[in-house]
Each structure stands twice: as structure tokens, then as C-alpha cells.
Amino acid sequence: MKLRKEIWETVDFGKVVKHVEVNERDPIKRANAKYVSVEHLETLNLKIQGITKEEQPTFSRTFKKGQILFAKRRAYQKKVAIADFDGICSPHIWALETNGKLIQELLPFIMQRDVFYEYVNANSAGTMSTYLKWPALSKYQFKLPPKDEQEKILSLFLTLEKQIEQTEAQEGNLRKLKTKLATQLVSNTPKFGSLLNGNCKKVTLGDLAKESRATARNPLDEGIERFVGLEHIEPGNLKIQGWGNVADGTTFTKVFAEGDVLFGRRRAYLKKAAKADFKGLCSGDITVLKANPKNIKPELLPYYMSADSVFEFAVSNSAGSLSPRAKWRDLSKMELAIPDLKTQEEILKVFELLDKNVEGLANQKETLKKLKHKLLDEILG
């Protein structure tokens with residue numbers, strides 16, 4: 001792609017972009033509106049990830065299909081999305097439009113560059129909950145290509161974005177299939193294709209695992225360097241997505257070992273479960289489980305604990321209103337039927353194959369994302 005960068009014009013963000021402030025007060029329109037909050041935007045993902053249909057009293061700012069939604073609160077989270085429907089958004093979100101000199105669809109790609117967020121972070125105010133103001137953002141400067149080159153650049157990035165979305169959809173479908181298979185398996189009348197012959201024995205979750213309540217007073221002395229909170233576990237993903245460093249400080253004392261299952265007992269409806277692939281500390285809102293190898297293949301336990309039926313049972317047996325929690329003593333009473341260990345080995349092979357394919361797609365998606373961000377800097381820089 002040949003670009004005439006020597007003729008690109010340096011412009012202020014506010015000269016080519018405006019934030020649209022139109023408030024909706026009509027009670028009928030508000031009652032039927034789709035509401036979007038900051039939580040419905042995902043880091044570096046241009047698609048809105050969800051909506052709330054119930055009226056949000058503090059939300060009044062409207063947005064239109066095609067506008068760009070940008071989370072100005074904690075802007076370092078890099079949340080930008082293209083609206084694919086009309087709705088009402090949080091006051092912490094700006095609805096942005098270009099004035100014609102910049103193609104509207106190219107705006108979110110300009111806003112995904114690292115240099116953009118370096119500026120945003122340096123110009124946000126506050127400490128605990130940083131906030132970006134329009135006068136500051138309006139002064140951000142970038143190079144604006146002529147329209148014909150904007151169209152070429154946009155075509156390239158839309159192609160990449162489509163490939164990322166298709167890969168993400170394939171990954172999501174496989175994760176859903178894995179959850180469906182686990183849910184059909186974790187039942188009083190389990191199903192798993194032709195692998196089950198009906199010769200299953202009745203058990204409870206307490207027969208398959210026991211809760212570990214081990215703690216560490218001096219974790220660093222015991223070789224424990226990482227800690228995990230609920231925010232590090234992703235729904236539908238058995239792999240821990242991140243961790244904190246014990247050396248940086250933590251109030252967590254509960255210990256888990258490699259191979260343990262971490263089950264999110266707080267707000268179990270979030271469906272968070274993971275298999276530990278390292279030793280560490282975890283939040284008290286996580287139940288640490290160790291498999292009973294006499295009844296279940298330890299590698300199979302994470303799939304059992306990720307079944308929708310387990311989370312539903314946990315939700316129905318949770319206590320508390322604002323932040324309900326499930327206790328293992330209650331969850332352990334859930335009844336189900338399991339096949340013999342030899343059959344479990346065959347079932348495990350199916351799950352491991354699915355995991356391998358999911359991991360391959362996840363790696364492909366990350367490669368495409370890295371390529372996109374590399375090109376963002378090379379082409380727009």
C-alpha cells in the first residue's frame with residue numbers, strides 16, 4: 001500500500017470529531033430502550049458485548065447506530081466500540097461522530113493505537129477512578145490521510161477485523177459445545193454420545209472432590225509468588241487468565257496447588273471455574289477443590305465443575321442478597337451419576353481435543369490482533 005505521508009495533515013481530535021450529547025426523557029422510549037454501560041464494552045473489542053433492557057435511571061444520553069462509543073472513565077481500559085443499534089448509554093461513555101474530513105468507520109482504529117492511550121492516560125484526572133474530559137481529548141493530535149488513502153486503510157483494517165471476529169466466533173462456538181457436553185454429562189441421567197452404556201453409579205459432588213482450606217502465613221517463604229482473584233477467571237474458560245504478584249502485597253491467604261479446581265462461589269451465576277496450572281494464593285470468594293481419584297479422573301473434575309447444572313445448583317443454594325455466596329457443604333450435596341474410570345478416560349480425550357482446538361483458535365485470534373496493532377502503528381504512525 002503506497003501512502004503519501006508527506007501530505008498528511010496534522011489535526012486536533014476535536015477539529016474532526018465531536019461528542020454528541022442528546023438526552024432521552026420520554027418515558028415510553030426509555031422503557032423500550034437498550035441500555036449500555038462501561039461493563040458492556042470490552043478492551044480492544046469493537047463489538048458491544050451486551051445490553052441491559054431494564055431502565056437505568058442515571059442513564060439518559062442517547063447513541064445512534066454507527067456512532068463510536070468511548071469509555072471516558074478509566075479510559076486506560078481501552079474500551080471503544082462501534083454501535084450496531086440505537087440505545088442509551090452511561091454518562092461515562094461518549095458517543096462520537098466525525099465531521100466528514102475523517103471517515104467515521106476509521107475513527108475507532110485511530111483510537112486503538114497505543115500512542116492514543118498514552119495521551120489519554122497522561123491527560124486523565126483523578127486517582128481511584130480516572131476521568132477524561134473533552135477539552136483534553138479534543139487537543140490530541142494525529143496525522144490525517146486524504147480521503148482516498150483513508151478508504152484504502154479502512155478496507156485493510158475491516159478485513160482484519162472480520163477475520164478476528166470469525167475466529168472469535170469459532171472459538172466461542174467450541175466453548176459452548178464444551179459446556180453443553182459437560183452439562184449433559186453432569187446429571188442423574190448422563191449423556192455423552194455413544195461413550196456411555198448406562199452403567200453409571202450414583203454419587204454426589206462431595207464424592208468427587210473435597211474442599212481444601214489450606215492457608216499460608218508467609219507465602220514467599222513457601223515459594224508462592226502469585227495470587228488469583230475472581231477477576232482473573234473468565235466464564236467458559238478453564239484457563240486462569242492472569243494473576244497478581246504476592247510480592248506487591250495481598251490480603252489473600254488461601255492456598256491452591258497445581259491441578260486444583262478453583263470454583264467461584266461468590267455470585268456463582270457468573271459461571272467462573274478454572275484449573276490451576278501453578279501454585280498460588282486465591283481469594284476467599286473462590287472454593288479450592290481437590291479431586292478424589294477413586295471416583296473421578298482428576299483431569300476431568302474441572303469439566304464437571306464448569307457444567308451449567310453445577311452453577312445452577314450453586315446459585316439455588318447461595319446465601320446473601322447483594323453478593324450471594326455458595327458454600328461447599330451445600331454444593332457437595334448435589335447428586336449425579338458418573339461412569340467408570342475407564343470410560344472417563346475416553347470422555348477426557350474428547351474434552352482435551354476440544355481444548356486443543358479452542359487454544360489453536362485463541363492463538364490465531366491473538367496473532368491477528370497483534371498484526372492489526374502492528375499495522376496500526378506502521379500505517380497510521
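Mind listing just one residue for me: the one in the range 49-65 that is of a type outside the set (Gly, Ala, Ser), over 24 Å from the mean Cα position of the chain (by Cα) and crowded, with 16+ Cβ neighbours inside 10 Å and, of those, farthest from Pro91 (Cα to Cα)?
It comes out as Thr62.
Could you tell me whether any residue of the range 242-250 is assigned to a loop (DSSP other than H, G, I, E, B), open to solvent by 70 Å² or more (accessible area, probe 1.4 Å) and touching a residue at least 12 places away in the same chain (Cβ under 8 Å)?
yes
For Gly198, which of the numbered conditions (1) surrounded by fewer than 18 Cβ atoms within 10 Å (Cβ to Cβ); (2) at pLDDT 95 or above fails to hold?
Only one criterion is unmet by Gly198, namely (2).
Are there any pairs, at least 6 apart or on different chains, whose C-beta atoms fall under 8 Å, with the first in the range 110-138 and among the small types (Gly, Ala, Ser) and the second part of a loop (DSSP other than H, G, I, E, B), and if so, which?
Ser124/Thr130; Ser124/Leu132; Ala125/Leu132; Ala125/Lys133; Ser129/Arg74; Ala136/Asn123; Ala136/Ser124
So, restricting to strands (runs of 3 or more DSSP E) that lie completely within the range 108-218, which ones have at least 2 residues that are more than 30 Å from Thr287 (Cβ to Cβ)?
141-144
Residue pairs, Cβ under 8 Å, 6 or more apart or interchain, first in the range 304-325 and without any contact (Cβ under 8 Å) to a residue 40 or more places away in the chain, second part of a strand (DSSP E or B) and open to solvent by 70 Å² or more (accessible area, probe 1.4 Å). List them.
Correct list of pairs: Ala319/Arg325.
Find the residue count for the range 251-267, including only residues that are in a loop (DSSP other than H, G, I, E, B) and closer than 22 Å to Ser332 by Cα. If you could, list the steps in order and put the result at the bottom.
Within the range 251-267, the subset in a loop (DSSP other than H, G, I, E, B) is 251-253, 257-260, 265, 267.
Checking which are closer than 22 Å to Ser332 by Cα leaves us with 257-260, 265, 267.
Within the range 251-267, residues that are in a loop (DSSP other than H, G, I, E, B) and closer than 22 Å to Ser332 by Cα number 6.
From Asp277, Asp260, Asp285, which residue is among the acidic types (Asp, Glu) and buried (at least 21 other Cβ atoms within 10 Å of the Cβ)?
Asp260
Would you point out the residue of the range 348-381, among those that are within 20 Å of the chain's Cα centre (by Cα) and of a type in the set (Gly, Ala, Ser), that is surrounded by the fewest Cβ atoms within 10 Å (Cβ to Cβ)?
Among those that are within 20 Å of the chain's Cα centre (by Cα) and of a type in the set (Gly, Ala, Ser), it is Gly360.
Could you please find all residues in the range 110-130 being open to solvent by less than 30 Å² (accessible area, probe 1.4 Å), closer than 20 Å to Glu378 by Cα and touching a strand residue (DSSP E or B) at 6+ places or on another chain (Cβ under 9 Å)?
If the condition is that a residue be open to solvent by less than 30 Å² (accessible area, probe 1.4 Å), closer than 20 Å to Glu378 by Cα and touching a strand residue (DSSP E or B) at 6+ places or on another chain (Cβ under 9 Å), then Ile110, Met111, Gln112, Phe116 are the ones that fit.
Of the numbered conditions (1) closer than 16 Å to Asn237 by Cβ; (2) surrounded by 15 or more Cβ atoms within 10 Å (Cβ to Cβ), Leu270 fails exactly one; give the number of that condition.
Going through (1) closer than 16 Å to Asn237 by Cβ; (2) surrounded by 15 or more Cβ atoms within 10 Å (Cβ to Cβ) one by one, Leu270 breaks only (2).
The values are calculated or read from the model by the stated rules, or taken from the named source; none is laboratory data. Keep in mind it's a predicted model, so treat the numbers as computed, not measured. Counting neighbours? That spans all protein chains shown, and the Cβs are built from the backbone with ideal geometry, glycine included. In case anyone asks, the SASA skips ligands and DNA or RNA and just uses the protein heavy atoms, side chains included. Shrake-Rupley method; radii C 1.70, N 1.55, O 1.52, S 1.80 Å.
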